[in-house]
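The values are calculated or read from the model by the stated rules, or taken from the named source; none is laboratory data. The shown structure was predicted, so the numbers you read here are calculated from the model rather than taken from an experiment. Every residue, glycine among them, receives a Cβ derived from its backbone with ideal geometry; neighbour counts consider all protein chains shown. The accessibility values were calculated without ligands, DNA or RNA, using every heavy atom of the protein model including side chains. Shrake-Rupley method; radii C 1.70, N 1.55, O 1.52, S 1.80 Å.
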Amino acid sequence: MIRTDREHAAERRARSSRVPGLTTQIFIGLLLGILVGYLWPTFGVAIKPLADAFLRMIKMIIAPLLFATLVVGIAGTGDLKAMGRIGLKAIVYFEVATTIALFLGLGLVNVFKPGAGLAMPIGADTKAAAAMAQNQQQGWDIFLHLFPTSVIDAMARGDILQLVVFSTFFGIAVAALGAKGRPLLDVLDTTAQAMFKFTGYVMTFAPIGVFAAIAATVGAKGLAILFTLGKLIALMYLGLSIFVLIVVGGVSYLIRVPFFTFAKAVREPFLIAFTTASSEAALPKALEVMEQFGVPKNIVGFVLPTGYSFNLDGTTLYLSLASVFVAQLAGIDMTFGQQLVMMLTLMLTSKGVAGVPRAALVVLTATLTQFRLPLEGAAILLGIDQVMDMGRTAVNVMGNCIATAVVARWEGAFDDRQMRAFAAGKVA
């Protein structure tokens with residue numbers, strides 16, 4: 001009996017419906033990675049190149065995707081005044097959110113005092129921590145870092161902030177060309193669509209990358225490290241949970257976006273960020289889902305990558321915890337005023353480390369040096385940084401995703417019909 005094309009299509013749909021979704025596959029990879037890293041640590045460490053390969057595939061997407069999306073978003077609107085207004089609103093929201101995160105961490109660390117009673121190891125090796133402090137950008141360096149000497153170099157290094165600046169100027173120039181710039185705009189629009197399709201192909205490797213990343217982390221550090229400084233780890237994750245539920249949940253309520261609908265929308269970039277401890281790995285998927293969620297392309301393309309430098313909610317919460325934790329560890333009783341000055345310093349210096357590996361530790365070591373706190377504390381935190389980096393990176397991504405929705409609603413441009421269609425699974 002010869003089967004029709006319709007029957008073949010029905011069979012393919014039925015077969016695909018039996019395959020778990022990407023989120024489920026990533027979660028399975030996470031659990032299997034923990035199991036393999038714990039039972040066969042040597043093997044877990046050995047397969048780390050699989051995770052590195054996945055991260056490289058993600059990174060090769062970012063530059064063309066971000067450039068095309070941002071230029072199309074800016075030039076496509078043709079309203080440069082609107083882009084300036086969007087940028088100002090985004091910065092206002094970023095500062096409010098990061099300030100709340102800092103004070104939340106400050107409150108938790110003073111109430112629970114996780115560093116009290118732990119002995120500081122004498123003569124700990126602080127060379128790595130001191131080297132990080134030397135990499136901290138200061139003063140005019142932060143301002144100059146905004147402007148790339150070569151956009152090709154910025155793309156090669158994956159410097160998102162410099163790429164945003166170049167793409168913004170380029171988008172303004174294309175918009176100024178008017179009708180003459182239309183062919184270029186069409187090419188870039190097609191490029192953006194192709195890169196989103198490309199992202200879909202790369203994401204099929206996400207469960208393998210997640211599996212290898214977690215197996216390598218558990219295999220190298222062991223589960224015992226979770227208990228060594230478990231009080232600090234637990235307190236940070238408690239703070240991150242409070243921030244997500246109270247702040248992100250409260251913001252969702254204020255902008256009339258159902259929190260659980262939003263959480264469902266960002267679950268894949270959230271899990272990718274958590275398991276890889278890389279904001280860059282989650283960026284392509286975050287750009288895609290927030291546009292599908294109802295945020296206009298020009299707002300998503302501008303606010304989300306800008307937030308990667310100016311809206312690090314999880315990182316700022318961690319920094320407030322970690323800095324006072326080190327003081328407690330050393331038996332130094334800081335007054336509330338001293339802590340406020342240190343929080344202000346953290347708020348300012350954390351803006352200047354875009355693209356720096358282990359950026360939170362860079363800021364922390366520089367701050368410890370400035371306030372004459374022992375760098376041994378940073379050396380201790382190096383051991384558990386991967387475990388803590390996973391949580392703070394995931395919250396950074398979620399915070400930036402909700403920021404796009406905030407600015408879109410503030411601009412009166414959020415598409416509620418699109419959001420409802422996305423929630424109902426009617427958006428491809």
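Separation between the A53 and D415 pseudo-spin-labels, each 7 Å from Cα along Cα→Cβ, expressed in nm?
In this crude spin-label approximation the distance works out to 3.7 nm.
Roughly speaking, what is the stretch gain from D153 to K197, that is 0.36 nm per residue apart minus the C-alpha to C-alpha distance, in nm to one decimal?
13.3 nm
Quick one: how many Å² of D153 are accessible to a 1.4 Å probe, rounded to 10?
Here the residue's solvent-accessible area equals roughly 60 Å².
Given a Förster distance of 22 angstrom, what is the FRET efficiency for T261 paired with T23, based on the Cβ-Cβ distance and rounded to 0.05?
E(calc), rounded to 0.05, equals 0.90.
As an exercise, use a Förster radius of 25 Å and the Cβ-Cβ distance of L31 and L238 to find the FRET efficiency, rounded to the nearest 0.05.
0.65
Local charge sum around A206 (other residues, Cβ-Cβ under 15 Å, Lys/Arg +1, Asp/Glu -1)?
That sum, taken over residues with Cβ under 15 Å, equals 0.
Enumerate the calculated ³J(HN,Hα) couplings along the range 49-59 in order (Karplus 6.51 cos²θ - 1.76 cosθ + 1.60, θ = phi - 60°), each rounded to whole Hz, writing x wherever the residue is Gly or Pro.
Coupling constants for the range 49-59: x, 5, 5, 4, 5, 5, 5, 5, 4, 5, 5 Hz.
Which distance in nm do the two modelled labels at T204 and F112 give, with both placed 7 Å along the Cα-to-Cβ direction?
4.2
Report the extension gain between V92 and L177 in nm, rounded to one decimal, defined as 0.36 nm multiplied by the number of residues separating them, less their alpha carbon distance.
Residue separation times 0.36 nm, minus the Cα-Cα distance, leaves 27.5 nm.
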